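Inspection log for the structure reproduced underneath, given as structure tokens.
The values are calculated or read from the model by the stated rules, or taken from the named source; none is laboratory data. Note that the structure is predicted; figures quoted are calculated from it, not measured. So basically every Cβ, Gly included, is an ideal-geometry build from the backbone, and we count neighbours across all protein chains shown. Keep in mind that these areas ignore ligands, DNA and RNA; they rest on the heavy atoms of the full protein, side chains included. Shrake-Rupley method; radii C 1.70, N 1.55, O 1.52, S 1.80 Å.
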Amino acid sequence: ELVIQNPELVLYPNPFRDALNIELPKNMTDARIALYDLTGKQVLTQNIPNHRLSHTITLNTGTLEPGIYILHLITRDGGRFVGRVVRM
């Protein structure tokens, strides 16, 4: 399966502590964000409705353990984006 890294998808701050901001491209349709630890376990998920896609999304990450996580963003039309983030 091909996963595309999208330069328009901005994740900050990275490394993060209690919150991770995701700046989404303006042309994106409905999406779902999922965060996975390095064992592949999904540790956080959030649906993003279409009307919010022109905004920056903030994920509450205060309950996550420090470590490396993989963020997947999947759009309704099948677009897949991935990024690596670090929780301090």
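Testing Ser54 on (1) polar (S, T, N, Q); (2) at pLDDT below 95; (3) in contact with a strand residue (DSSP E or B) (Cβ under 8 Å, 6 or more places away or on another chain), one condition comes back false. Which one is that?
Answer for Ser54: the failing condition is (3).
Quick one: is Asn50 of a type in the set (S, T, N, Q), open to solvent by 40 Å² or more (accessible area, probe 1.4 Å), over 18 Å from Pro15 (Cβ atoms) and in contact (Cβ under 8 Å) with a residue 12 or more places away in the chain?
On the way: of a type in the set (S, T, N, Q): yes; open to solvent by 40 Å² or more (accessible area, probe 1.4 Å): yes; over 18 Å from Pro15 (Cβ atoms): yes; in contact (Cβ under 8 Å) with a residue 12 or more places away in the chain: yes.
Answer is yes for this residue.
Report whether or not Leu9 is at pLDDT below 75 and more than 16 Å from Arg87 (Cα to Cα). I'd like the intermediate steps shown before the answer.
Working: at pLDDT below 75: no; more than 16 Å from Arg87 (Cα to Cα): yes.
In short, no.
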